[in-house]
Amino acid sequence: MQTHTLNVYAASVITSAIAVACLTLIMLSPVRAATLDGVDLPDQTQVDGRDLVLNGLGTRTATFLKVKVYVIGLYLEQKSRNAEAIIGSDQNKRVEMHFVREVTAKDLQKGWSEAFDNNYPNVSDIEVEIAKFNASMRDVKSGDSIALDLYEDTVEVLINATKVASITGNAFQQAVLSIWLGPKPPNDDLKAGMLGK
């Protein structure tokens, strides 16, 4: 009788341990919030120790040919559909791009420069920061990622999760967000997607 009780207890302990292990694996697995054009973006991330949630995502297309370039996600501490409020907010943010085609560093630099000119009124005030940002760019291929972590007065540039630059200045932070959330985004549906509309 005692042996039977021990066997039942042992089986119960093993079953509980398996259940806990399975639950732990589920909790540790990245939660996928959305898939767009074959790219999965996680529901949450962290920037400088703060939890962020996916606000929205969209696809950047080349203006004339409508060729897909990257899928982008905007992460915020609190979701918002107000572009101006997001740009001016002091909450931590992340802009995460996953490329679906090859793009040279030269083309990236050209695109960023045009976007700054189109969306930020005082580009001459941040020329040094823009130059540093452009200098951090590399050739990217399909499957590569570029993330921009924005916190305090800093913009960190990460390519394939490796930090390649850190640029300070609140004005530059706002200019970076204006690339996609300003009056002339690369494509209108991209801005709407990032705002969760």
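The values are calculated or read from the model by the stated rules, or taken from the named source; none is laboratory data. These figures come from a predicted structure and were not determined experimentally. As a convention, Cβ positions derive from the backbone with ideal geometry for all residues, glycine included, and neighbour counts pool all protein chains shown.
Values as computed for the structure displayed
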{"item": "Residue match in segment 161-174 (condition: out of contact with any helix residue (DSSP H, G or I) (no Cβ under 9 Å at 6 or more places or on another chain), assigned to a loop (DSSP other than H, G, I, E, B) and within 18 Å of Asn92 (Cβ to Cβ))", "result": "yes"}
{"item": "Among (1) within 15 Å of Trp180 (Cα to Cα); (2) buried (at least 20 other Cβ atoms within 10 Å of the Cβ); (3) not polar (S, T, N, Q), the one test that Asp117 misses", "result": "(2)"}
{"item": "Segment 134-147 residues that are at pLDDT 95 or above, paired with ones that are charged (D, E, K, R) and in a loop (DSSP other than H, G, I, E, B) (beta carbon under 6 Å, 6 or more apart)", "result": "Lys141/Glu102; Ser142/Arg101"}
{"item": "Search result, residues across segment 153-170 that are surrounded by 14 or more Cβ atoms within 10 Å (Cβ to Cβ) and of a type outside the set (S, T, N, Q)", "result": "Val155, Glu156, Val157, Leu158, Ile159, Val164, Ala165, Ile167, Gly169"}
{"item": "Residue, farthest from Lys141 (Cα to Cα), within segment 91-120, restricted to residues that are within 17 Å of the chain's Cα centre (by Cα) and part of a loop (DSSP other than H, G, I, E, B)", "result": "Gln91"}
{"item": "Scan of segment 96-147 for residues that are of a type in the set (S, T, N, Q) and under 21 Å from Asn187 (Cβ atoms), ordered by number", "result": "Thr104, Gln109, Ser113, Asn118, Asn119, Ser142, Ser145"}
{"item": "Tally of residues being surrounded by fewer than 21 Cβ atoms within 10 Å (Cβ to Cβ) and assigned to a helix (DSSP H, G or I) across segment 131-152", "result": "4"}
